[in-house]
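Some notes on the structure that comes next.
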Amino acid sequence: MPEITYRLPQEIKLTSNYPQGAESAKLAERRAAAVPAGVASTAPFYAVDADGGVIVDADGNSVVDLGSGIAVTTVGASAPKVVEAVQEAVSHFTHTCFMVTPYEGYVAVAEKLNELTPGDFEKRSVLFNSGAEAVENAVKIARSATGRNAIVVFDHAYHGRTNLTMALTAKAAPYKQGFGPFASEVYRVPMSYPFRDGNRGGKEAAAEVISQIEKQIGADYIAAVLIEPIQGEGGFIVPADGFLPELVNWCREHGVVFIADEVQAGFCRTGKWFASEHEGIEPDLITTAKGIAGGMPLSAVTGRAELFDKVQAGGLGGTYGGNPVACAASLAAIETMEEWKLNDRATRIEEIVREKLEPLVDELDYVGELRGRGAMMALEFVSDSTSQNPHPTAAKDIAAYCLERGVLILTTGTYGNVVRLLPPLTISEELLGEALDIFVEGIRSVGQ
Ligand SMILES: *Cc1c(COP(=O)(O)O)cnc(C)c1O
């Protein structure tokens, strides 16, 4: 694999007042007076620099990053090509608005998305700023194309925090609590969740979904089936083999648009450009964001050209959508993924993670399951292997244990009982190994 060189030392280095030194403490005080508590942060320290697998804080602490700012900095937080491309782009123009004066970068990102996403058919891409905005627009496009209303979503789904995407998201607290009323014509069906549905086969799980939607909604009323090929905030749930292909087939038969929300799983995270490829499916529309632009805000909807045909000129867009600096960053991030073979790195990360964590599943009663693909792996914690009751305090305590020792790690899941690994794909094997050793120590000492 190509060698990656780093600007910052790839190490854990903690000063005496870690996790909140004097500088971070001052910032925390200013924050408390200026920023509402509704925006919560995992870490008590404030970042000033980041590169490869580390984040450096305002007091000089260097911490291992196993979260990538929630699966965003796949190429690292200051990948040289991205930095250079942003600097070059920003020195020419920061904005014109693509809807007013178009520019090449937007077109080039659309071309790249059309080429990289699964499916050998004629495609189009439209750019936005956030994952939620991409999902909202995918729904708009599907409704316009079909002339139908209903959107089918799944248990444990996460699609964002805007009004429509809150309705599409499953979990009430903290995402929806107190924020209704929500958008209508959203129908939720059971997800294939092998660990919690008795290891039901994918076809069987799909049959239940199909029966439910045919009986309760009616196929000819459904505009789209929307699903994350691997659920992110729901707990890194990988559906059983065959679940997604069955749903895609059913959608094809009934003129329903199949939308894959690849906002978290896309762009090399799972060892392929898109998680849909693991399932051999070709979604009609794919939403992307997070890893798409090396940390710059950008998102997209990509899909079958004919689905966009009915949308009137001016029907899609937004002031900042496809910002030229973000587009430049995206092209550079994609080049970096190709050059550094980040799909191979994600696959290698999975090997390393499985080697370290797999033995714990048999050994420790409270380690329920290791699952995921590539550099999107997670452990689900349970009270014991018989009842499999969710054990959220284990996940919380283990994450806290890691943070105290300089490893930033995120929890997730409907029940909050999952610890997820989302390292930048540019992390060195040595640093990843060191961080995983601390994670394993944490699992053993505070996971019970
Ligand atoms: C993060 C996420 C979103 C929302 O993206 P934002 O950029 O936070 O709006 C949507 N779908 C999935 C699968 C996500 O993981």
When you scan the range 219-267, how many residues do you find that are more than 15 Å from the ligand (Cβ to nearest atom), at positive phi and touching a Lys or Arg at 6+ places or on another chain (Cβ under 8 Å)? 1
Do you know which of the residues in the range 187-211 that are among the small types (Gly, Ala, Ser), outside any loop (DSSP other than H, G, I, E, B) and surrounded by fewer than 17 Cβ atoms within 10 Å (Cβ to Cβ) is farthest from the chain's Cα centre (by Cα)? Ser211
Number of the condition not met by Ala207 [criteria: (1) more than 16 Å from the ligand (Cβ to nearest atom); (2) in contact with a Lys or Arg (Cβ under 6 Å, 6 or more places away or on another chain); (3) of a type outside the set (Asp, Glu)]: (2)
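Condition check ((1) in the same structural domain as Gly372 (by TED's automatic domain parsing); (2) surrounded by 13 or more Cβ atoms within 10 Å (Cβ to Cβ)) across all residues:
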position: Ala34; (1), (2): yes, no
position: Phe45; (1), (2): yes, yes
position: Asp57; (1), (2): yes, yes
position: Thr74; (1), (2): no, yes
position: Gln87; (1), (2): no, no
position: Val107; (1), (2): no, yes
position: Asp120; (1), (2): no, no
Scan the range 146-169 for residues that are on the phi > 0 side of the Ramachandran plot and either in contact with a strand residue (DSSP E or B) (Cβ under 6 Å, 6 or more places away or on another chain) or within 12 Å of the ligand (Cβ to nearest atom) (or both) and jot them down. His156, Gly160
For the range 9-43, give me each residue that is among the basic types (Lys, Arg) and within 11 Å of Ala58 (Cβ to Cβ). Lys26
Selection from the range 410-448 of residues outside any helix (DSSP H, G or I) and of a type in the set (Ser, Thr, Tyr) yields Thr411, Thr412, Thr414, Tyr415, Thr426, Ser428
For the range 170-186, does any single residue satisfy the condition of being more than 16 Å from the ligand (Cβ to nearest atom), within 21 Å of Ile210 (Cα to Cα) and either assigned to a loop (DSSP other than H, G, I, E, B) or touching a residue at least 12 places away in the same chain (Cβ under 8 Å) (or both)? yes
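Among the residues of the range 284-307, write down those that are more than 20 Å from Val82 (Cα to Cα) and touching a Cys at 6+ places or on another chain (Cβ under 9 Å).
Correct list: Asp284 only.
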State whether the residues of the range 434-447 include one that is touching a Leu at 6+ places or on another chain (Cβ under 9 Å) and on the phi > 0 side of the Ramachandran plot. no
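Need a quick list: helices (runs of 4 or more DSSP H) entirely within the range 16-126 having at least 3 residues that are farther than 30 Å from Thr5 by Cβ and modelled with pLDDT of 95 or more.
On the way: elements: 22-34, 68-71, 80-90, 104-116.
Helices (runs of 4 or more DSSP H) meeting the threshold: 22-34, 104-116.
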Which residues, counting only those in the range 195-225, are over 16 Å from Arg252 (Cα atoms), in contact (Cβ under 8 Å) with a residue 60 or more places away in the chain and not basic (Lys, Arg)? Phe195, Ile217
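Report whether or not Met166 is of a type in the set (A, V, I, L, M, F, W, C), closer than 30 Å to Lys215 by Cβ and in contact (Cβ under 8 Å) with a residue 12 or more places away in the chain. Step through it out loud before you land on a result.
Values: of a type in the set (A, V, I, L, M, F, W, C): yes; closer than 30 Å to Lys215 by Cβ: yes; in contact (Cβ under 8 Å) with a residue 12 or more places away in the chain: yes.
So Met166 fits the description; yes.
Inside the range 375-409, can you point out the residues that are part of a strand (DSSP E or B) and in contact with a Leu (Cβ under 7 Å, 6 or more places away or on another chain)?
To start, the set of residues in the range 375-409 that are part of a strand (DSSP E or B) comprises 376-382, 390, 407-408.
Selection gives Met376, Met377, Ala378, Leu379, Val407, Leu408.
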Name the pairs: first residue in the range 288-313 and in contact (Cβ under 8 Å) with a residue 12 or more places away in the chain and among the basic types (Lys, Arg), second residue outside any helix (DSSP H, G or I) and within 16 Å of the ligand (Cβ to nearest atom), Cβ to Cβ under 6 Å, at least 6 apart or on different chains? Lys290/Val72; Lys290/Val263; Lys290/Gln264
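Check the range 375-390 and report whether any residue there is touching a residue at least 60 places away in the same chain (Cβ under 8 Å), within 22 Å of the chain's Cα centre (by Cα) and under 29 Å from Glu111 (Cβ atoms). Can you show your working first?
Let us first name the residues in the range 375-390 that are touching a residue at least 60 places away in the same chain (Cβ under 8 Å), namely 375-381, 388.
Checking which are within 22 Å of the chain's Cα centre (by Cα) leaves us with 375-381.
So of that shortlist, the ones also under 29 Å from Glu111 (Cβ atoms) come out as 375-376.
Yes.
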Which one of these does Ala260 not meet: (1) touching a helix residue (DSSP H, G or I) at 6+ places or on another chain (Cβ under 9 Å); (2) assigned to a loop (DSSP other than H, G, I, E, B); (3) closer than 17 Å to Met191 by Cβ? (2)
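The values are calculated or read from the model by the stated rules, or taken from the named source; none is laboratory data. Quantities reported herein were computed from a predicted structural model and do not represent experimental measurements. Cβ sites come from the backbone with ideal geometry, for glycine too, and all protein chains shown count toward neighbours.
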